[in-house]
Amino acid sequence: MASRINIETYPGNIINNEFVPTPTTRHSIDPATGKPLYEVPVARKEDLDAAVKHARASFKSWSATSFEDRSKLLLAYADAVEANRTDIERLQTMEQGKPLSLAQTEVSMALTWLRQFATMEVKSEVIEDTEERTIYSTFPPLGVCAAIVPWNWPILLGLGKVGPALMTGNTVIMKPSPYTPYCDLKLGEIAMSIFPPGVFQVLSGDDSLGPWITEHPGVDMVSFTGSIPTGKRVAASCAKTLKRYVLELGGNDAAIVCDDVEISKCLPKITTLAFLNSGQICMLPKRIYVHEKIYDQFKDAMVDFTKNNIKTGGGFEADVVVGPIQNSMQFEVVKDMYSQIDKAGWKTALDGKARDGAEGYFMEPAIIDNPPEASRIVVEEPFGPIVPIMKWSSDDDVIERANALETGLGASVWSRDLFRAEKMARQLSAGSVWVNSHFDVAPNVPFGGHKESGVGMEWGIEGFKHFTNTRSLWVWKKTFD
Ligand code: NAD
C-alpha cells in the first residue's frame, strides 16, 4: 500500500530521492481567496547543479534498464499517485483554482496517460534487410531532460513530460511554475519511494530557475509548455548549447460552425469548452465562427446556455465551471481584455465583469458579438472566460480567417455533412483538428502546434521520439574473417 502524502508540508526539493531544503522559501496564493498557501523551497543554482549531477549519474543505469522494468516502475508510480488522488485533487483546486471536478478529471487523465505510456516502446526500425546488410534506425535516450511546466494544467502537463522521458530511458528534472508548485512537488515526493535516486527529481524555484535550466550544459533536452514569448526565450537559450527542445505554446483556436448543425446538440459542448478552466487552456475554442444563416439563433442559445449552466465561483463550490483566474498577473491581463469592451466599442452578447467584492480573481463569462476580425479579442489569446463569435458565409473565406493568425494549435469544424467538414478540416493549419469536437487528446496521439504554437510534438510514439536521438545503425554481414 503506497504511503499517503501530507499536502501541508514541503520539506524541500526532491533531489536524489531526498528532501533538500533551501535557505529561502516562498508561497503561492490561493486564487479563490487571495490567501497565501504553504511555503515551498526556492532552488538555488547549486541545487540545480546537484540535481543535474545526480541525474547524469543515474542516467547510466536507468538508460540500461529494460523497457519491462521501466514499465513496471511507471505502473507502480501510477498506483501510488492514485492512492493519493483525493489529496492531490484538493490541492490542485486550492493552488490552481479549477473546479474540483476538473481537478479530478485532470488526475484521471494523468493516470490514464501514465498507464498507456508504460505500454509504449520506441522500437528500432529496420530500414533495409538484405543478405549483405541490415540497416536500422535506433532510438537511444538523450540523457538528462527538463520538464518545464505551466500553471494551468500542472499535473497532466508535468507527468505528460515525465512519463515519456522516463520510458525512453532518460532521467528527468521537473520544474513547476512558481504559481503552482504544490502538486508537482507532491508528485515528486510520491516518486521517491518508486524510482531509483536521481531518475525523477523536482525543483521548485522562482523566475531564475527556468533560465538556469535551459542554459545548463548538463541538461540535454528541454520539454517546455508555456507562452509563445517564453518559448522563444527558451529556444534562444537552448541554442547556446544546442540542446534539443520541444515547445508546446499558446493557441487561439478557431471553431467553425456550419449552417447545417443541430444547434441544441453541439452548442453545449462548444460553449462549455470555451469556458473550461476559465478559458485557461491552450487548446480551446477561442474564436467561434458561426455561419451567418444560424448566427443569431446560435448566439441567443449560447448566451442562454452560459447564463444557465456556466456558473462562476470557487473550485470547491458545487457545479462551478468558471473558477478564479489562476494568478494576479493573469487577472490583470484578462481584466485589460475585458476593459477593451468599452474602449474598442465591442458589442457584447453577454456582459462579463470582475466579480464585485470578491477576494479571489473572479471574472464572469463574456461573449463578444461579431467583433471586427482585427480586434484584440480575435487576434490575441485571451486566456480567460471571454470569447468572440463571428459571422461567416463562404467555406473558403472562413478557412482563410481561421488560418490567418501566427498560432496553429487546434481547430475544429462542426457540421452534419462529414464530407464537407473533413474537406474543410484538412485545410486548417493546426497541430490537432477535430470534426464535431474540440480538445480531444490522448496519450498515444501526437499533440503539438503549427507555426508559433510550437516546435515538435508531445505524446504518441512521435512525441516519445523527441526524447531520443535517431541513430542509424549499419550492420554488414561480411565479417572479414
Ligand atoms: P509561461 O511561459 O509564463 O511559463 C511556463 C513555464 O516556464 C513556467 O514554469 C515558468 O516558470 C517557466 N519560465 C518562465 N520564463 C522562463 C525562461 N525564460 N526560461 C525557462 N523557463 C521559463 O507560461 P504560463 O503563463 O505558465 O502558461 C500559459 C501559457 O502556456 C499560455 O499561453 C498557454 O496557451 C500556454 N500553454 C500551452 C500548452 C500547449 O501544450 N501547447 C498547454 C498549456 C498552456
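Key figures for this structure:
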{"read-out": "Leading residue by the ranking (farthest from the ligand (Cβ to nearest atom)) among those in segment 449-468 that are more than 16 Å from Leu159 (Cα to Cα) and open to solvent by less than 60 Å² (accessible area, probe 1.4 Å)", "value": "Thr468"}
{"read-out": "Residue check, Leu242 more than 7 Å from the ligand (Cβ to nearest atom), under 21 Å from Gly410 (Cβ atoms) and aliphatic (A, V, I, L, M)", "value": "no"}
{"read-out": "Selection within segment 81-134 - over 30 Å from Trp476 (Cβ atoms) and among the polar types (S, T, N, Q)", "value": "Asn84, Thr86, Gln92, Thr93, Gln96, Ser101, Gln104, Thr105, Ser108, Thr112, Gln116, Thr119"}
{"read-out": "Pair list, Cβ under 9 Å, 6 or more apart: segment 441-454 residue within 17 Å of Leu247 (Cα to Cα), other residue within 12 Å of the ligand (Cβ to nearest atom) and among the acidic types (Asp, Glu)", "value": "Pro446/Glu458; Phe447/Glu248; Phe447/Glu458; Gly448/Glu248; Gly448/Glu458; Gly449/Glu248; Ser453/Glu248; Gly454/Glu248"}
{"read-out": "Test for Pro164: is it more than 10 Å from the ligand (Cβ to nearest atom), part of a helix (DSSP H, G or I) and touching a helix residue (DSSP H, G or I) at 6+ places or on another chain (Cβ under 8 Å)", "value": "yes"}
{"read-out": "Residue ID - least open to solvent (accessible area, probe 1.4 Å), chosen from residues in segment 214-239 that are in a loop (DSSP other than H, G, I, E, B) and near the ligand (Cβ under 10 Å from one of its atoms)", "value": "Gly226"}
{"read-out": "In segment 182-213, the residues that are farther than 26 Å from Ser453 by Cβ, within 11 Å of the ligand (Cβ to nearest atom) and surrounded by 24 or more Cβ atoms within 10 Å (Cβ to Cβ)", "value": "Leu203, Ser204, Gly205"}
{"read-out": "Any chance Gly160 is crowded, with 24+ Cβ neighbours inside 10 Å, under 20 Å from the mean Cα position of the chain (by Cα) and under 22 Å from Gly448 (Cα atoms)", "value": "yes"}
{"read-out": "Failed item, numbered, when Val435 is tested on (1) within 14 Å of the ligand (Cβ to nearest atom); (2) under 26 Å from Ser108 (Cβ atoms)", "value": "(1)"}
{"read-out": "Residue count, segment 305-359 (criterion: in contact with a Phe, Trp or Tyr (Cβ under 7 Å, 6 or more places away or on another chain), farther than 18 Å from Ile29 by Cβ and among the small types (Gly, Ala, Ser))", "value": "1"}
{"read-out": "Residue list for segment 125-156, restricted to those being part of a strand (DSSP E or B) and either over 33 Å from the mean Cα position of the chain (by Cα) or surrounded by fewer than 22 Cβ atoms within 10 Å (Cβ to Cβ) (or both)", "value": "Glu125, Val126, Ile127, Glu128, Asp129, Arg133, Thr134, Ile135, Tyr136, Ser137, Thr138"}
{"read-out": "Every pair of residues 6+ apart whose Cβ atoms lie under 6 Å, when the first sits in segment 215-241 and is closer than 21 Å to Lys465 by Cβ while the second is of a type in the set (S, T, N, Q)", "value": "Val222/Thr214; Val234/Thr214; Cys238/Thr214"}
{"read-out": "Candidates Glu381, Glu359, Glu364, filtered to the one that is within 16 Å of the ligand (Cβ to nearest atom) and touching a Gly at 6+ places or on another chain (Cβ under 8 Å)", "value": "Glu381"}
{"read-out": "Filtered residues of segment 18-31 (kept if in a loop (DSSP other than H, G, I, E, B) and in contact with a Phe, Trp or Tyr (Cβ under 8 Å, 6 or more places away or on another chain))", "value": "Pro31"}
{"read-out": "Counted residues, segment 386-399 - those being out of contact with any Leu (no Cβ under 9 Å at 6 or more places or on another chain) and in contact (Cβ under 8 Å) with a residue 12 or more places away in the chain", "value": "9"}
{"read-out": "Residue check for Asp253: among the acidic types (Asp, Glu), buried (at least 21 other Cβ atoms within 10 Å of the Cβ) and under 24 Å from Asn16 (Cα atoms)", "value": "no"}
{"read-out": "Restricting segment 226-268 to residues that are in contact with a helix residue (DSSP H, G or I) (Cβ under 9 Å, 6 or more places away or on another chain) and β-branched (Val, Ile, Thr), the residue that is nearest to Asp304 (Cα to Cα)", "value": "Ile263"}
{"read-out": "Search result, residues across segment 398-414 that are surrounded by fewer than 22 Cβ atoms within 10 Å (Cβ to Cβ) and within 11 Å of Ile256 (Cα to Cα)", "value": "Arg401"}
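The values are calculated or read from the model by the stated rules, or taken from the named source; none is laboratory data. Bear in mind the structure is a predicted one, so any value in this text is a computation, not a measurement. Cβ coordinates were reconstructed from backbone atoms using ideal geometry, including for glycine residues, and neighbour counts include every protein chain displayed. Keep in mind that these areas ignore ligands, DNA and RNA; they rest on the heavy atoms of the full protein, side chains included. Shrake-Rupley method; radii C 1.70, N 1.55, O 1.52, S 1.80 Å.
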